[in-house]
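To keep things clear, I will list the structure first and then write my remarks on it.
The values are calculated or read from the model by the stated rules, or taken from the named source; none is laboratory data. Since the structure is predicted, the reported quantities are computational estimates derived from the model, not experimental observations. As a convention, Cβ positions derive from the backbone with ideal geometry for all residues, glycine included, and neighbour counts pool all protein chains shown.
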Amino acid sequence: MKTINAKWLGIVASSLPVVGHAAFNDVGTEYTNASQKTYVWNEALEPIELVNSILCFTAQFNVTEFANAGPYLVLADEASCFDDSNDGSTGQSSGAANTPSYLKAVAEVTRASDSAPLIVNVWLPEMATGDDEQAIKFKAVITEGASDTNPFGQFTFNFSFFDNFTNLTPKGGGEVITLSGLEDSIGFTLYESSQHGVSTYTQSASVVMSSDRSEGTALTSSSQSGAYALTFNSGNVLLQNAANFDALPYKSGNNSGTCLSRTQFNSFVYRYDLYNASTGAQIDVNAGFPMKYSSANNGTYDSYGYVGYWGIWTEVEGAVTNGETIVRDDNGVVRQYTVMTAPGRLIKNTVNTLALSNARGISFSYWDSSVFSDSSFDQWVVKYYTAAQDGVGSDGFYKTGKLSWGQNGPTITAFGPTLISLSTNDSLYMYSEQLGGEVKFLEGNASLTYYEQTFINGSETGSGELLNGGSVTLYCYDNCPIGTFDLSDLTNWTGSNSPFETASGPHQYTFSTSGGNALTLVSVNSSEPVRYNASLTQSNINSTPHSWGVRSGPMVLSTVSNSYDVYDPAITTEYYVWETGLQNWNQLTAVKDASDNIVSFEKPLQFAYTHNNANDRSGSAGVYAGQTYLINYGGNGDFWGVPMAQDGDRYLPSFSLNDGVLMGPANQYAIKAREIEQTMQAAAGQCTTLTLSDPAVDVPTSIVGDADIGDMPIVEGDPSVIAGETQ
C-alpha cells in the first residue's frame, strides 16, 4: 500500500538499531532476511491513495506467472491494501471481525511476444457495501517493468466502476499514465471521477521528478481536501494548499508554504511479524484455511470462503448453515467437512492481574443504567485516580468523560471526575482496549484482573482437556443466564425482566460436544439452551439494553466456598463465560472432519507487554512508559494491541516498537516491523532555495483511454492465486 508515495518522494528505508545480539538476527535467518515496506504519508498525497491501493491489490494477482495462460481466478485480500484499520479500534473482537475476508476476481494476462506489452485485464464483480457497492474493470498495458532508474516502469492503467456486471450502470472510473518523452524525467498523471451514493468524487494529479528522484514538482487535488502544490529537492519539501489549483499562492507569486524535511521522519508501524528469539524463524499461526461451499446447497461447490479460529467467512454472509458440507483442497486431496453452528460461544478466561498502582493512565469503558436511559452518549470513560497524584478525594475509579460514536469516530465530552462508589465485595465490570477486553475489579483488592481469552469450539477432547469426557458442568454465581431469552427478558440490565437469574447461586449449566444442543450452554434449572429466542430479530431487540448480546458472569468447574472467590485471582485463575446474540460475531461456527472430529485451529498468540523508552522506535515512550498492553499476533503481519490515537481524520499508533524488541512471557519472540509509515518532520527556514511552479505535464481533466475489456470470463475450478500466493 502507498508504494507510489515512497517511490516518488525517493524515500529509502534505513535499518534501525536492533536490541541485543541474539541468534535471531544472525546473517541468513528469516528475521534478518525479512523485507520491510517503508512509505511516506502526507496530506498532499491523499489524492493518489486509491491508486496505491489498487496497485497493491492487483499485485496479488501474480500476473507475470499467467501470461497467455487464459483467464484465472483470484481470491485477493482486500484488507491488506484497502485499509480500514485506522478507525481507532485496537481491542480484540470476540467474533468474526478478525476472519480473513477475500474478494473474488477474474484476471487474464496476454502478451503477443517477449518484446510486446503485457496486457492485464481484471474483473472484480463485487467490492464494498451499501451505496459504495460496485463492480470494477481494470486494464493495464505495461510496456516497461520497474527498474532502479525508473521505479514506476511504463504503463497505462485504466479502471471503470459499475453498479454490477449485469446492469453495467457506470459509476465512474479513472486513469493513471506514466510519463514518457521527457528527458531525464519520470512520473505519472492521474484522473479519477466516481459516484458515491448521491455524491461525485474527483481527484487528479501530475507528478514530475528527475530520474534520480532528487528533485521534482507535483500538483494534486481532490474534491474533499482541495488542491496542493509541492516541490522538493534532496533535503526538503515545500508545500502549499488551497481550495483549488487557481487559488494556490504560488500562482500569484507567493512562494511561502510549509517546509518539511526529507531526511527527518516520524515513524508509525501498523504491521509487525514475530520471530523465534533463538533461531530467527518466523512464527506461524495455523488459524484456518480457504474452502469452497455450494451456494445452492446441491453438491456443486462453486463459491469460496475461509474457516478458522474466528469463525467462517463466505462470499455471501450467512450462506453456509448448520449441517452443510464444505470442501478443502489439501495439496491436491479434496477433503470434506461438516459445518456446526451454535447460538453462542463458550470463552475460557485465563486471569492476569495488574496492580492498581500501574492502572493510572489506562482508559476504561463502563456502562450502567444511565447510559441506556440517556441517548446523548454511548459509554462512560473511566480512569483510575489517586488522591496523591490526581487531587481527588480518595483513590478509586472515576467517570471522566462521556463517549459518543459518530461517523468520524469517537467523541469524548469531559465529565466529573465522579467517583464510582463501591461497597465491600462489590465488583466493577469495565472494558479496556489496552488490556484486550473485559476488566473486573473487586472492591478492597490492590489489583484489577484482565484476561487472556480462548474460544472453546468442541475440539478440546484430548487427555486432560476440558471436553475429554464429552461434556462438562459449570457453576455460576453472578449474572447467571436464565435459559432462552424472550423479548420480555431483555428489558432490564439485571434483576427481574433481565436475562439473569434473580436467586442466589450457584446455578448449574452443561456444555456438550453432542446431542440436540451440541456446543451450546444449557441451564440445568430451566433445561433450556442459553440463547435468544429463535423468533427474535435484531430490530426486535435494538431498543433493549442487550441489543449487542448477553454475556454470563464467571462460571467455574467446581463450587467455591464464597461467591466472591470467583473474582479473587489468588483462588480463581481460570473461568468461563457464555456469550450469545443474534450476530455472527457472538455465535460459534466449527467444522467436523470425515472422522467426525471437530477441527482445531490455533488461536492468536496473546501475552502482556509493558512499554518503555528503550523499546520505543522514537526513543521516548512518553506517557506510555510503564503501561501494560495485551498483545495479540495472528501471523502474517496480523499484530494488534498497540493503542491508536486520533490525528485529524486519521488514527495513528500511539507508539511504535523498535525492531528486535523481545516479547512474550519468556522473551521468546523478537519483533520486526513489516510496514513503516513515515511522516516528514517540520523544517522551518530550510526551503529558501525551493520555488513552486507548474509541473512539466499538465494535470489531466478527463480520461483518455478506457477499461473496455468486455464481459467477465467464466472460470471453472479452484483459485489460482490466494492472497498473492500461487496455488
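General remarks:
- Close contacts from the range 438-462, counting a first residue that is within 20 Å of LEU521 (Cα to Cα) and small (Gly, Ala, Ser) and a second that is surrounded by 18 or more Cβ atoms within 10 Å (Cβ to Cβ) and at pLDDT below 90, with Cβ to Cβ under 8 Å and a gap of 6+ residues or different chains, come to none at all.
- Any hit, the range 53-69, residues being modelled with pLDDT under 85, within 20 Å of the chain's Cα centre (by Cα), farther than 23 Å from PHE157 by Cα and not in a strand (DSSP E or B): no
- Scanning the range 188-210 for any residue that is at pLDDT 90 or above and in contact with a Lys or Arg (Cβ under 9 Å, 6 or more places away or on another chain) turns up nothing.
- Sole residue being assigned to a strand (DSSP E or B), surrounded by 19 or more Cβ atoms within 10 Å (Cβ to Cβ) and of a type outside the set (A, V, I, L, M, F, W, C), chosen from GLN453, GLN434: GLN453
- When the range 187-206 is filtered for residues that are over 22 Å from ASP706 (Cα atoms) and assigned to a strand (DSSP E or B), only SER199 remains.
- Test for VAL351: is it out of contact with any Gly (no Cβ under 7 Å at 6 or more places or on another chain), free of Cβ contacts under 8 Å to residues at least 60 places away in the same chain and hydrophobic (A, V, I, L, M, F, W, C): no
- Restricting VAL371, VAL381 to residues that are modelled with pLDDT under 90, more than 28 Å from ALA570 (Cβ to Cβ), of a type outside the set (Phe, Trp, Tyr) and crowded, with 17+ Cβ neighbours inside 10 Å narrows the list to VAL371.
- Given (1) more than 21 Å from GLU46 (Cα to Cα); (2) touching a residue at least 60 places away in the same chain (Cβ under 8 Å), number of the condition ALA625 does not satisfy: (2)
- Condition check for VAL382: of a type in the set (A, V, I, L, M), without any contact (Cβ under 8 Å) to a residue 12 or more places away in the chain and either farther than 30 Å from THR300 by Cα or not assigned by TED's automatic domain parsing to the domain that holds THR513 (or both): no
- Which listed residue, of GLU465, GLU501, GLU438, GLU460, is acidic (Asp, Glu) and in contact with a Leu (Cβ under 9 Å, 6 or more places away or on another chain): GLU460
- Residue check, SER147 assigned by TED's automatic domain parsing to the domain that holds ALA112, buried (at least 21 other Cβ atoms within 10 Å of the Cβ) and polar (S, T, N, Q): no
- Residue satisfying all of: in the range 519-550; touching a Ser or Thr at 6+ places or on another chain (Cβ under 6 Å) and farther than 30 Å from ASN562 by Cα; surrounded by the fewest Cβ atoms within 10 Å (Cβ to Cβ) among these: ASN533
- 2 or more residues of a type in the set (S, T, N, Q): qualifying strands (runs of 3 or more DSSP E) within the range 558-658: 605-610, 628-633
Each row is one residue, and each column tells you yes or no for (1) closer than 13 Å to ALA707 by Cα; (2) of a type in the set (A, V, I, L, M, F, W, C); (3) outside the structural domain of GLU183 (by TED's automatic domain parsing); (4) surrounded by fewer than 17 Cβ atoms within 10 Å (Cβ to Cβ).
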{"site": "ASN121", "(1), (2), (3), (4)": "yes, no, no, no"}
{"site": "PRO125", "(1), (2), (3), (4)": "no, no, no, no"}
{"site": "GLN134", "(1), (2), (3), (4)": "no, no, no, no"}
{"site": "LYS139", "(1), (2), (3), (4)": "yes, no, no, no"}
{"site": "THR143", "(1), (2), (3), (4)": "no, no, no, yes"}
{"site": "GLY153", "(1), (2), (3), (4)": "no, no, no, yes"}
{"site": "PHE157", "(1), (2), (3), (4)": "yes, yes, no, no"}
{"site": "SER160", "(1), (2), (3), (4)": "yes, no, no, no"}
{"site": "THR166", "(1), (2), (3), (4)": "no, no, no, yes"}
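- Checked against the criterion of being among the aliphatic types (A, V, I, L, M) and touching a helix residue (DSSP H, G or I) at 6+ places or on another chain (Cβ under 8 Å), the range 378-385 contains not a single residue that satisfies it.
Here's the yes/no breakdown for (1) under 19 Å from PRO719 (Cα atoms); (2) touching a residue at least 60 places away in the same chain (Cβ under 8 Å); (3) small (Gly, Ala, Ser):
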site	(1), (2), (3)
VAL285	no, yes, no
SER294	yes, no, yes
ASN298	no, no, no
ASP302	yes, no, no
ASN322	no, no, no
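- Residue list for the range 176-200, filter: touching a strand residue (DSSP E or B) at 6+ places or on another chain (Cβ under 7 Å) and over 16 Å from PRO700 (Cβ atoms): ASP184, SER185, ILE186, GLN195, THR200
- Of PHE245, PHE265, PHE289, all but one fail to be in contact with a helix residue (DSSP H, G or I) (Cβ under 8 Å, 6 or more places away or on another chain), surrounded by 15 or more Cβ atoms within 10 Å (Cβ to Cβ) and not small (Gly, Ala, Ser); the exception is PHE245.
- Scanning the range 295-332 for residues that are among the acidic types (Asp, Glu) and in a loop (DSSP other than H, G, I, E, B) turns up ASP302, GLU315, GLU317, GLU324.
- Those residues of the range 477-516 which are assigned to a strand (DSSP E or B), more than 34 Å from the chain's Cα centre (by Cα) and in contact (Cβ under 8 Å) with a residue 60 or more places away in the chain, in sequence order: TYR509
- Against the criterion of being without any contact (Cβ under 8 Å) to a residue 40 or more places away in the chain and crowded, with 19+ Cβ neighbours inside 10 Å, SER720 does not qualify.
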